[in-house]
Amino acid sequence: MWKTISYDFFNSLLAQPLMAEEGIKGNLVSVNWLGKNLKNADVVILDASPSQIYTAKHIPGAMSYDIFSYGAREMPVAEIEKRYQSWGISPGKKIVMYDQGGTYLATRLFFSLDYYGFPQKDLFILDGGLSKWQEAGLPITKEPTPIPKKGSFTIKSINKDARVDLPEFLTASGDPVNNVLLEALGAEWHFGGNQFFNRPGHIPHAIMLPSADFYNPDKTFKSPEEIKKMLTYFGITSEQQVYSHCGGGIAASVPFFTLKFLLDYPKVKLYQGSQLEWVSDQRELPIWTYDAPFLMRETSWLQTWGGRMMRMYGVAQVSIVDVRPAEAFNQGHLPFALNIPADVFKSNIIDPDKLAKILGPAGVDASYEAVVISGAGLTKESALAFVMLEKLGQKKISVFMDSLDKSAQSGFALTKDTTVIGPKKGPQDLSIPLTTYPGNVRKDVIIADAKSTQGQYPKVFIASGKDVPAKVQDGKVVHVAYTDLLNADGTPKAAKDIWTILTKAGVPRYAELVCYSDDPGEAAINYFILKLMGYPDIKVLVI
């Protein structure tokens with residue numbers, strides 16, 4: 001019986017184990033695996049690098065696909081099918097894609113093949129790309145690959161669940177609890193240093209996770225455990241719907257591939273239109289430069305949502321907390337402001353429960369947004385009040401950035417009338433009711449012992465005053481004076497400038513950041529600005 005088996009059939013049996021041997025992890029293959037399968041007829045190799053790189057050097061047998069040579073237009077399905085067939089793609093083939101390594105061209109080609117229905121189990125990325133291939137001493141060539149036999153793959157159905165269009169993406173942007181707008185661009189774009197199209201910044205609520213962050217220094221993908229650690233750090237879970245996007249839908253393919261195929265996250269889509277489509281929309285959809293601009297309020301917002309009209313209709317949900325001394329407050333304050341001097345917050349840093357007992361009778365409602373006013377933007381006093389309210393579990397908190405003079409000039413006139421706090425005597429009574437402030441004290445905002453908390457990443461201490469405090473901290477210390485981050489009028493500097501300052505000072509994006517100073521208000525300013533910039537793990541250390 002064995003004598004009747006042809007040599008070709010016996011050879012095909014030998015080739016089968018190569019597909020299953022060590023070197024394949026999900027939809028990744030190692031360079032050693034591809035080296036062993038370089039002449040396997042069932043493997044199609046696609047080089048997604050720019051054509052000039054392919055021409056200079058490529059893996060023997062690889063076909064070239066330069067996405068940029070085809071422009072941004074959406075091609076007809078028949079034309080895409082014809083191209084796939086020209087590469088020799090047929091059902092049952094294993095498709096291995098690569099680029100220079102550590103970039104987004106191979107993953108974008110992977111997305112395309114997945115979207116147009118090629119079986120996911122037969123799609124692979126070469127881990128580390130051409131860089132890792134050469135590092136392993138494997139062969140490269142300049143010789144063009146001969147045109148292969150026409151493949152027989154046909155596009156029978158489109159994987160519509162892999163993509164999202166603007167209407168769905170826009171709706172998701174308003175629900176950041178259940179949806180993640182994961183942005184694959186770098187900080188220079190995200191914070192407005194470089195300008196995309198005609199408007200700098202990013203889509204509101206976007207979480208910046210640059211495509212480069214998914215790779216190791218050798219251009220291989222980070223382990224699923226390390227990537228999941230990154231996602232958890234930013235509060236991204238597998239239960240949320242993830243929408244990966246970038247400038248034009250190419251770099252977004254890295255998070256798409258990583259989350260969906262390396263981590264098996266079930267709900268991941270790529271927004272191919274990305275920022276180009278967003279900023280081109282005739283509705284002039286908003287763009288942010290800070291990650292949390294809603295932490296800053298100005299006159300028109302406060303006059304609308306915390307002013308007389310909203311209070312008359314009973315829909316105002318704003319507590320205006322004026323932290324100036326009583327003498328200054330009595331000389332003139334915004335209507336409905338509650339005077340809780342800064343010293344009250346500072347003297348109760350170590351006893352937040354006592355502070356909670358003061359806030360309720362003063363009219364501060366924990367379920368409302370508390371807008372902290374100092375009269376001069378972000379000051380040591382307003383920042384410390386912000387941090388203390390966060391520690392007490394206030395639902396929403398912001399800092400009023402305008403001066404009181406500017407408010408008056410804008411039509412929000414100051415008053416010397418006492419803000420009435422007590423039971424309402426009728427429908428037209430605008431008294432602010434007394435409340436019982438719950439004081440749900442958090443342990444991770446203000447700490448007295450640096451060893452009492454442990455973040456996902458190592459601690460980095462940020463000395464926030466003019467000088468580094470004499471008390472030595474057990475860990476990396478960087479110096480960022482809070483004054484370097486503020487404009488003369490007490491407003492934070494532009495997001496792009498803050499990012500530059502933090503980066504030059506050595507503040508890492510992945511860290512448990514602990515702000516400290518001899519004056520806790522100085523540390524509180526840096527805390528506020530880091531929160532404004534989207535850093536997820538920040539604390540104030542009281543020394």
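The values are calculated or read from the model by the stated rules, or taken from the named source; none is laboratory data. Since this is a predicted model, take the numbers as computed values, not measurements. Methodologically, a virtual Cβ is constructed for each residue, glycine included, from the backbone with ideal geometry; neighbour enumeration extends over all protein chains shown.
What about K219, is it among the basic types (K, R), assigned to a loop (DSSP other than H, G, I, E, B) and surrounded by fewer than 22 Cβ atoms within 10 Å (Cβ to Cβ)? So K219 passes the test.
Yes or no: Y265 crowded, with 17+ Cβ neighbours inside 10 Å, hydroxyl-bearing (S, T, Y) and without any contact (Cβ under 8 Å) to a residue 60 or more places away in the chain? Against the criterion (crowded, with 17+ Cβ neighbours inside 10 Å, hydroxyl-bearing (S, T, Y) and without any contact (Cβ under 8 Å) to a residue 60 or more places away in the chain), Y265 qualifies. Restricting region 431-459 to residues that are loosely packed, with under 15 Cβ neighbours inside 10 Å and of a type in the set (S, T, Y) leaves a set whose member that is nearest to the chain's Cα centre (by Cα) is S452.
Mind listing just one residue for me: the one in region 353-381 that is of a type in the set (S, T, N, Q) and buried (at least 21 other Cβ atoms within 10 Å of the Cβ) and, of those, farthest from K493 (Cα to Cα)? Ranking the qualifying residues of region 353-381, first place goes to S374.
For (1) under 19 Å from S274 (Cβ atoms); (2) at pLDDT 95 or above; (3) outside the structural domain of I45 (by TED's automatic domain parsing), each residue gets a yes or a no:
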{"site": "F153", "(1), (2), (3)": "no, yes, no"}
{"site": "T171", "(1), (2), (3)": "yes, yes, yes"}
{"site": "P176", "(1), (2), (3)": "yes, yes, yes"}
{"site": "L182", "(1), (2), (3)": "yes, yes, yes"}
{"site": "E188", "(1), (2), (3)": "yes, yes, yes"}
{"site": "S238", "(1), (2), (3)": "no, yes, yes"}
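One residue is enough: does region 303-320 have a residue meeting the conditions more than 19 Å from P200 (Cα to Cα), in a helix (DSSP H, G or I) and of a type in the set (K, R)? Yes, there is a match, as at least one residue in region 303-320 is more than 19 Å from P200 (Cα to Cα), in a helix (DSSP H, G or I) and of a type in the set (K, R). Specify which of the listed residues (S253, S280) is within 19 Å of T171 (Cα to Cα) and either surrounded by fewer than 16 Cβ atoms within 10 Å (Cβ to Cβ) or not basic (K, R) (or both). From the options S253, S280, the qualifying one is S280. Restricting attention to region 80-98, the residues that are part of a helix (DSSP H, G or I) and either of a type in the set (D, E, K, R) or assigned by TED's automatic domain parsing to the domain that holds A184 (or both) add up to 3.
If the condition is being touching a Lys or Arg at 6+ places or on another chain (Cβ under 8 Å) and surrounded by 22 or more Cβ atoms within 10 Å (Cβ to Cβ), then region 517-534 contributes P520, G521, E522, A524, I525, Y527.
Applying a threshold of 8 Å to beta carbon distances and a minimum spacing of six or more residues, or different chains, the list of pairs starting in region 203-214 at a residue that is in a loop (DSSP other than H, G, I, E, B) and ending at one that is charged (D, E, K, R) reads I203/E183; L209/E183. Of the listed requirements (1) buried (at least 20 other Cβ atoms within 10 Å of the Cβ); (2) in contact with a helix residue (DSSP H, G or I) (Cβ under 6 Å, 6 or more places away or on another chain), L138 misses just one: (1). Looking across region 301-342 at every residue that is small (G, A, S) and farther than 20 Å from D429 by Cβ, the one that is surrounded by the most Cβ atoms within 10 Å (Cβ to Cβ) is identified as A342.
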